[in-house]
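Student: Quick one: the structure is below, and I'll ask about it shortly.
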Amino acid sequence: MAHTKESKGKLLARIRRIRGQVEAIEHALDTDEECGNILQLIAATRGAMNGLMNEVVEGHIRHHVLNPRATASERQGADELIDIVRSYLK
């Protein structure tokens, strides 16, 4: 997938941050942190995963679904779909 190759560094940086967040959850569980703190860490990790998903889905729509010769109306439809996915993944 060309779009993931183009943004490979950015995507890998996101993955590394997510890995750090998951490790923080593990550490919080190991050290018997309060459940509120653990829930906060889980929520942050979920948000990071949703951000990663959003970025990959947007690239997929723009590079694999939308025709390069798309009309302005088709591009607008793709932009609307991307906005809907972003809203859903918040």
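The values are calculated or read from the model by the stated rules, or taken from the named source; none is laboratory data. For clarity, every value in this text was computed on a predicted model and none was experimentally measured. Cβ coordinates were reconstructed from backbone atoms using ideal geometry, including for glycine residues, and neighbour counts include every protein chain displayed. Quick note on the areas: whole protein, heavy atoms, side chains included, nothing else; ligands and nucleic acids left out. Shrake-Rupley method; radii C 1.70, N 1.55, O 1.52, S 1.80 Å.
Student: Quick one: count up the residues across the stretch 1-56 that are modelled with pLDDT under 95 and farther than 25 Å from Leu81 by Cα.
Tutor: Of the residues in that region, 1 qualify.
Student: Tally time: how many residues in the stretch 37-74 are open to solvent by less than 60 Å² (accessible area, probe 1.4 Å), more than 25 Å from Lys10 (Cβ to Cβ) and part of a loop (DSSP other than H, G, I, E, B)?
Tutor: 0
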